[in-house]
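One structure below.
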Amino acid sequence: MSDFSPVTPVALQIRKIIFEKFNDVDTKFTNDEIFEILKENNDVNPTWIVDDVESFFNEICDSGLTRNIAQNFTTIWLKLFDSIEKLHCNSCNNDIYLGKSEDRICPNPSCNSSI
């Protein structure tokens, strides 16, 4: 594993992509689509493959932001439970993106402050 450290935590990057591109409860999207956008943004470890970000997708399902509606090998199809809101965390000074029914806790793994 390399010493790569993203400028923005990957969990926040994924939530921002979903907010900007898939913020509709009727829209289906995949982890592969999001991973391609992550790679284009050049703020993930360049040696990663989609399997390396699986834990981030499990986290957004566990948090209540998305639900897994289908899976085929490494591809996971997802849908939002609720639309996403853009908020700002004063503790870590990051813009964050939370589903309307999610707990108001910063999804930044190094913060987790109440919003």
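The values are calculated or read from the model by the stated rules, or taken from the named source; none is laboratory data. Here the structure is a predicted model, which means the values were calculated and not measured. Backbone-built Cβ (ideal geometry, glycine too); neighbour counts: all protein chains shown.
Close contacts from segment 2-24, counting a first residue that is without any contact (Cβ under 8 Å) to a residue 40 or more places away in the chain and under 18 Å from N94 (Cβ atoms) and a second that is surrounded by fewer than 19 Cβ atoms within 10 Å (Cβ to Cβ) and among the charged types (D, E, K, R), with Cβ to Cβ under 9 Å and a gap of 6+ residues or different chains, come to P6/D43; V7/D43; Q13/D43; I17/E33. Taking the numbered list (1) touching a helix residue (DSSP H, G or I) at 6+ places or on another chain (Cβ under 6 Å); (2) free of Cβ contacts under 8 Å to residues at least 24 places away in the same chain in turn, E40 passes all entries but (1). On inspection, I49 does not qualify as β-branched (V, I, T) and over 20 Å from F4 (Cα atoms). Picking from residues in segment 1-51 that are of a type in the set (S, T, Y) and surrounded by fewer than 13 Cβ atoms within 10 Å (Cβ to Cβ), the one that is farthest from F73 (Cα to Cα) is S5. Quick one: in segment 21-64, of everything that is closer than 16 Å to F81 by Cα and of a type in the set (D, E, K, R), which residue is farthest from the chain's Cα centre (by Cα)? Here the residue is D26. Scanning segment 58-85 for residues being modelled with pLDDT under 95 and among the aromatic types (F, W, Y) gives a total of 1. When segment 10-55 is filtered for residues that are part of a loop (DSSP other than H, G, I, E, B), modelled with pLDDT of 95 or more and of a type in the set (D, E, K, R), the ones remaining, listed by number, are D24, D26, K28. Across segment 56-102, the qualifying residues are those that are touching a residue at least 40 places away in the same chain (Cβ under 8 Å) and part of a loop (DSSP other than H, G, I, E, B), and the one among them that is nearest to I14 (Cα to Cα) is L65.
Here N108 meets the list (1) closer than 19 Å to N58 by Cα; (2) part of a strand (DSSP E or B) almost entirely, failing just condition (2). Consider segment 92-111 and keep the residues that are within 17 Å of V7 (Cβ to Cβ) and of a type outside the set (A, V, I, L, M, F, W, C). The one that is farthest from the chain's Cα centre (by Cα) is N93.
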